[in-house]
Amino acid sequence: LHLEQRLPKAIVGHELVLHFQPKVRLDDYRIVGFEALVRWQHPEFGLIYPNDFIPLAEHSGQIIELGDWVVTACCRQLADWQAAGLELVPIACNISAKQLLDDELPERIAGFLAASGIAARYLEVEITENSLIESIEVAGHVLGKLAGLGLQIALDGFGNGLSNLSHIRSLPIDSLKIDRSFISDIRNSPDDAVIVSSIITLAHNLKMRVVAEGVEMLDQLIHLKTAGCDEVQGYYLSRPVTAIAAGQLLLRST
Ligand code: G
Ligand code: G
Ligand code: MN
Ligand code: NA
C-alpha cells in the first residue's frame, strides 16, 4: 500500500481528519467531553482507520509529527466552538508511547494552546499503561509536566494490558477508562461485574473519575449507572462523528 511513504504528505496535505466521540455523564446525560480519533482520508483508498497507520507512524517516528497535528487540530476545534459561543468541554487525544518519551512535548503543547487561546483544562491526554513500559521515568516526567500545565490525564483501556497499580498511585491521573472488554458482557458475567465495580470503588477512593468504554446497549448503561460509574462512551450513545456533527451534539447537550 506504501502508506508509510505517503504519510508525511498526508500530515501536511490535509488528508488527516479527526472524528469525535462524546463522553456522557450519567448524572444528567450531558456531554462532558469528546475523544478525538484520527482518520486518514486517502485520495485513492478512501477512509483509513488508525489501526492501519498509527503502528506505521510509531515505527517510522512520524508519530511525533502526526501527534502534533492531532493536538493542534483539537486546539483549533476548541477555538472554533469557543468562537461560536458553545460551552466548551475537554477534548481528549490518544498519545502513543513514543510521544510520552519526547520531553519537549509539554512545551510544544503549551505553545499550541497559547496560539489558539484555549485553557489547558480543555485538553486531555489518554495514555495506556503499555506506553509506560519503555521508561516509566521519562514518561512520568512528561506526564508530570502536562499535568502541571493543567491538562487532564486519562488512563485508557484500564484493566487490560500490563496493569500495574503503582502507576495510578505515582502518576497524576484524573480518570480511569475501563477497558471495553469488561463492559461487553457485564450483564451476564458476574466476574466482569465485580471487576468493574471494584475499579469504580478504587478510582473513587483515589479521587479519580471513571469512564466506561464500549457501551453499546441500554442495559449496560443502566448497570454502570447503578454501579456508580461517572461517565460512559460507546456506540449506544454515539459513534465517533465528524466535527460538524460533534458541534451539533454539543449544542443540543448544553
Ligand atoms: O477510532 P478507532 O477505534 O478505529 O481507533 C483505533 C485505535 O487507534 C485506538 O486504540 C485509538 O486509541 C487509536 N488512535 C485513534 N486516534 C489516535 C491518535 O490521534 N493518536 C494515536 N496515537 N492513536 C490514536
Ligand atoms: O483504544 P481506544 O480506547 O483509544 O480506542 C477507541 C476505539 O474504540 C475507537 O476506535 C472507537 O471507534 C472504538 N469504539 C468506540 N465506541 C465503541 C463501542 O461502543 N464498541 C466498540 N466495539 N468500539 C468502540
Ligand atoms: Mn482512547
Ligand atoms: Na481504550
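A few comments on the model shown:
- Hydrodynamic radius of the range 12-61 per Kirkwood, over alpha carbon pairs, in Å: 12.8
- Sequence-separation-based contact order of the range 3-253, relative, with Cα cut under 8 Å and 6+ spacing, percent: 19
- Share, in percent, of DSSP beta bridges within the chain that are antiparallel, nearest 5: 40
- For the range 1-146, the average shadow cast by the Cα convex hull is 9.7 nm², which is a quarter of the hull's surface.
- Length-normalised contact order for the range 115-254 - Cα pairs under 8 Å, 6+ apart - percent: 17
- Most mobile listed residue (T201, T242, T226) in the chain, GNM with C-alpha springs under 10 Å: T226
- Volume of the convex hull of the chain (Cα atoms only), normalised per residue: 129 Å³.
- Among I153, I136, I200, residue whose mean-square fluctuation peaks in a GNM of the chain (springs only between Cα atoms under 10 Å): I136
- Dividing the summed helix terms, -39500 (n - 2.57) for each DSSP H run of n ≥ 4, by the number of residues in the chain produces a 222 nm estimate of -13000 deg cm²/dmol to the nearest 500.
- Exposure rule at most 13 other beta-carbon atoms within 10 Å, DSSP loop chymotrypsin sites (Phe, Trp or Tyr not before Pro): the chain longest free segment: 46-234
- The range 140-254 - Rg (one decimal) and Dmax (whole number), Cα, Å: 15.2, 42
- Cleavage-rule hits, GluC sites (Glu not before Pro), the range 110-170, DSSP coil, Cβ neighbours within 10 Å at most 13: E134
- Of S96, S238, S166, the residue with the greatest mean-square motion in the GNM of the chain, using alpha carbon springs below 10 Å, is S166.
- Cleavage-rule hits (GluC sites (Glu not before Pro)) in the range 1-110: DSSP loop, at most 12 neighbouring Cβ within 10 angstrom: E44, E87, E104
Every number in this text was worked out from the coordinates using simple rules, so none of it is lab data. The structure displayed is predicted, hence computed values, not measured ones. Reconstructed Cβ throughout: ideal geometry from the backbone, glycine too, with neighbour counts over all protein chains shown.
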